[in-house]
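These notes concern the structure reproduced below.
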Amino acid sequence: MRIILLGPPGCGKGTQGDLIEKKYGFPKISSGDLLRAAVQKGTPLGKKAEAMMNRGELVSDDIVIEMIKERISKADCQSGYVLDGFPRNITQAQKLEDIEGKCQEMVFDIQLKTQSLIERLSARRICPRCEAIYNLAIHSPKKEGICDVCGGELIRRKDDTLEVIRERLRVYNEQTEPLVDYYQKKEVFHEIDGAREIEAVFRGIQSILDKEIGKFRETEVRR
Ligand code: AMP
């Protein structure tokens with residue numbers, strides 16, 4: 001089972017991916033987290049990606065596809081995984097199918113108005129140690145500036161400045177939005193209203209997932 005979380009930056013893909021992982025046990029794979037970890041470690045891949053990330057541009061397809069391919073080949077992804085931030089364009093979506101064509105797929109497109117996206121991204125804080133995500137307006141940590149999960153110091157992502165946020169939204173509209181049409185045609189597509197509270201958004205995703213997982217298991221038993 002491959003679950004793809006689509007939607008613009010700031011729509012809540014990371015948060016919903018964490019909740020899916022917690023409830024269903026499918027690991028969440030965030031291409032942005034993998035890239036940020038490579039940047040932090042100063043790997044050759046991280047060095048290539050850093051400038052593009054800081055400008056809000058997409059990192060080259062080859063780098064990202066290789067990274068995802070390696071990650072989904074790991075044992076914990078055997079029965080399924082959740083992709084957050086990948087694919088980001090049609091080439092990446094097609095490559096994903098080349099890597100693992102037969103996998104059952106579900107796509108959730110979380111949508112939110114541009115003004116709300118900007119507000120959410122501006123208020124976002126992350127824990128660089130355990131990758132937990134917070135929002136000073138709707139999901140703040142219990143202790144200011146400190147991660148509830150691991151006690152790490154929260155930071156603002158370098159690309160969460162207004163200038164870079166605008167560029168990321170432009171890049172989303174130009175390169176990622178065409179994926180909506182791409183997945184709608186494949187009939188695996190579900191639109192989710194991301195303007196609601198975190199728990200309500202998750203309930204929407206969960207009701208669809210439960211139904212689809214049930215159907216999938218029935219087909220497996222019949223085989
Ligand atoms: P995210 O954490 O998903 O907002 O991603 C942060 C940044 O990482 C993006 O602005 C891109 O520079 C880069 N990035 C993440 N995922 C991808 C991807 N699938 N393809 C290309 N670049 C990506």
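The values are calculated or read from the model by the stated rules, or taken from the named source; none is laboratory data. Only a predicted model underlies this, so the values are computations on that prediction, with no experimental measurement involved. Every residue, glycine among them, receives a Cβ derived from its backbone with ideal geometry; neighbour counts consider all protein chains shown. Surface accessibility is based on the protein's heavy atoms, side chains included, excluding ligands, DNA and RNA. Shrake-Rupley method; radii C 1.70, N 1.55, O 1.52, S 1.80 Å.
Observations, loosely collected:
- Single unsatisfied condition, F108 versus (1) within 14 Å of the ligand (Cβ to nearest atom); (2) in contact with a helix residue (DSSP H, G or I) (Cβ under 7 Å, 6 or more places away or on another chain); (3) of a type outside the set (S, T, Y): (1)
- For the criterion of being closer than 25 Å to I213 by Cβ, open to solvent by 30 Å² or more (accessible area, probe 1.4 Å) and in contact (Cβ under 8 Å) with a residue 40 or more places away in the chain, E21 passes.
- Only one of the listed residues (L136, L162, L169) is within 18 Å of the chain's Cα centre (by Cα) and of a type in the set (A, V, I, L, M, F, W, C). That residue is L169.
- Pair list, Cβ < 6 Å and 6+ apart or interchain, from region 41-58 residues that are touching a residue at least 40 places away in the same chain (Cβ under 8 Å) and closer than 13 Å to K158 by Cα to residues that are in a helix (DSSP H, G or I) and near the ligand (Cβ under 7 Å from one of its atoms): G56/R168
- Counting the residues of region 70-97 that are among the charged types (D, E, K, R) and within 16 Å of the chain's Cα centre (by Cα) gives 3.
- Those residues of region 78-105 which are within 12 Å of the ligand (Cβ to nearest atom) and either under 25 Å from K22 (Cα atoms) or small (G, A, S) (or both), in sequence order: L83, D84, G85, F86, P87, R88, A93, L96
- Cβ-Cβ under 8 Å pairs, at least 6 apart or on other chains, region 164-178 side of a type outside the set (V, I, T), far side within 9 Å of the ligand (Cβ to nearest atom) and open to solvent by 30 Å² or more (accessible area, probe 1.4 Å): E167/R55; E167/E57; Q175/L58; Q175/R88
- Within region 132-156, the set of residues being more than 19 Å from G17 (Cα to Cα) and either touching a Pro at 6+ places or on another chain (Cβ under 9 Å) or aliphatic (A, V, I, L, M) (or both) comprises L136, A137, I146, G152, E153, L154, I155.
- Considering I20, I4, I65, the condition of being of a type in the set (V, I, T), more than 27 Å from A123 (Cα to Cα) and modelled with pLDDT of 95 or more is satisfied by I65 alone.
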